[in-house]
Every structure is written in C-alpha cells, then in structure tokens.
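The values are calculated or read from the model by the stated rules, or taken from the named source; none is laboratory data. Because the structure is a prediction, the values reported are computed rather than measured. Glycine also receives a Cβ, built like all others from the backbone with ideal geometry; neighbour counts cover every protein chain displayed.
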Amino acid sequence: MSYCGDCLVLEGELHEEGCDQEICSKCGKQVLGWGKCEGVKPEPFFRRIFCCERCGKPLSMGKMVSDEDWKFICGATYPLDCVLCQNCMNFIKKKREEFLINFDKKIREDLE
C-alpha cells in the first residue's frame, strides 16, 4: 500500500491539514498554494500513476523538463499536462532537431 510522500497518510485516507501534495478535485491545482474551489469536498489520497502519453509505459514521476523546453520539444502535439517517458522524449527531441536542420537547409537552398 502506498502513502503520501508529504503527510504520510495511507491510500484511502484524507491528507493532513497543510499537506503540499493535496490537489483540488475540481481544478487540479495544489490546495496548499491555491486553496480548494468553493463547494469541493475533501477526497482521500490515492497514488497517482503516470503513463507515457506516447507508448503507455507506466512512470514513477511526472514531467522533468521546464515548460519552455517542453513546448520547444513537443510543440502542440503533446500539451503541457501530458507525460512522456525518457525514451519517447528523446525520440521526439531527435526528430524535431532533424526537422529543424532539414527545414533550415531547404530555406537556404530556396534563397540561393
């Protein structure tokens, strides 16, 4: 059974007051920084399992790049709230770099 990494409650229990892992079930924002949306009842903690949006591989953690890097690498294909495994992220990054190099070459050739 899993437990919250901050307040240490077990799955199925409510987070302790002030836990920085509690998420508002209505808006998805962190409760500690934003507070709960009006009318939202507390929900029990359950470990969130992330899966790669591209290959479906289960992951132990979420996104590990900045939003700016994510937008550059993934473009509009994968929005900021998606999660990708390292292999898929590297594949997309490599293909994006290849595309940009080829696109740049084509523009230079067209200008000559």
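Which one of these is surrounded by 11 or more Cβ atoms within 10 Å (Cβ to Cβ), without any contact (Cβ under 8 Å) to a residue 40 or more places away in the chain, assigned by TED's automatic domain parsing to the domain that holds residue 5 and among the β-branched types (Val, Ile, Thr): 65, 40? Steps first, answer last, please.
On the way: 65 fails: assigned by TED's automatic domain parsing to the domain that holds residue 5.
Going through 65, 40 in turn, the sole match is 40.
The rows are residues; the columns are (1) of a type in the set (Ser, Thr, Tyr); (2) in contact with a Cys (Cβ under 9 Å, 6 or more places away or on another chain); (3) modelled with pLDDT of 80 or more.
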| residue | (1), (2), (3) |
| --- | --- |
| 18 | no, yes, yes |
| 27 | no, yes, no |
| 48 | no, no, no |
| 71 | no, no, yes |
| 75 | no, no, yes |
| 90 | no, no, yes |
| 98 | no, no, yes |
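Note on the stretch 76-109: among residues that are part of a loop (DSSP other than H, G, I, E, B) and surrounded by fewer than 12 Cβ atoms within 10 Å (Cβ to Cβ), the one that is nearest to the chain's Cα centre (by Cα) is 81.
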